[in-house]
Amino acid sequence: MISSNIAKRYARAFFEIAGGEKRYEEYYHELGRFSAVLKENKSLSEFLANPIFAQPDKKAVVESVLEKIRVSPLTANFLKLLVDKRRIGILSDIEGCYRELMDNALKKVRVTVKTAFPLTGELSDRLQMGLEGLTGREVEMTVLEDPALLGGIVVRVGDTLYDGSIRTQLNNIRNLLGEEL
């Protein structure tokens, strides 16, 4: 909980700076690139988290990584600040909080759709338009295939789950029949 609050504060501060330049998405993608480097390179992540190593050494390593992935000076300074303050370990939390702030500011919502079978282009477009009408926001939709659903669709919009899968309907019928016996 504490690291979550700290992540929110750092994300909000970086977001406000990005807002001044109207470059929310660009800075988000830069954070994501550096975060991906940390996720892919376990030894780098462990090095930065280890208190045995000196802060100047950590900062030098981060600077060399930043030169290779080419981020803006603002993002580079933010990431170096996280190293200085020993908060680089919560970068993925900061990235998530920043994404929420960015989505709210840009009136976007991220939606996850699970289907038993692949959606056609037309059906996917119709679903996206329907979800935009439901949410009143621009929808960024991720479609996943899950054959265990048997049929139907499961849609997650934020914390809300719309479950129209055949598997769930069969389970509901099974529960109803079980109660009546």
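The values are calculated or read from the model by the stated rules, or taken from the named source; none is laboratory data. Predicted, not measured: the structure shown is a model, and the values here were computed from it. Because the Cβ atoms are built from the backbone with ideal geometry, glycine has one as well, and the counts that use them run over all protein chains shown.
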Item to check | Scope the stretch 43-90; condition surrounded by 12 or more Cβ atoms within 10 Å (Cβ to Cβ), over 23 Å from the mean Cα position of the chain (by Cα) and under 20 Å from residue 4 (Cα atoms); matching residues | outcome: 84
Checklist entry - Can we say residue 154 is β-branched (Val, Ile, Thr), part of a strand (DSSP E or B), over 30 Å from residue 10 (Cβ atoms) and modelled with pLDDT under 90? => result yes
Checklist entry - If a residue has to be surrounded by 12 or more Cβ atoms within 10 Å (Cβ to Cβ), of a type in the set (A, V, I, L, M) and touching a residue at least 24 places away in the same chain (Cβ under 8 Å) to count, how many in the stretch 128-144 make the cut? => result 4
Item to check | All positions within the stretch 111-127 that are under 24 Å from residue 100 (Cα atoms) and touching a residue at least 40 places away in the same chain (Cβ under 8 Å) | outcome: 111, 112, 113, 114
Checklist entry - Within the group 9, 23, which residue is over 25 Å from residue 141 (Cα atoms) and among the basic types (Lys, Arg)? => result 9
Item to check | Residue match in the stretch 107-124 (condition: assigned to a helix (DSSP H, G or I), surrounded by fewer than 18 Cβ atoms within 10 Å (Cβ to Cβ), acidic (Asp, Glu) and in contact with a helix residue (DSSP H, G or I) (Cβ under 7 Å, 6 or more places away or on another chain)) | outcome: no
Checklist entry - Which one of 101, 91, 81 is within 24 Å of residue 8 (Cβ to Cβ) and free of Cβ contacts under 8 Å to residues at least 12 places away in the same chain? => result 81
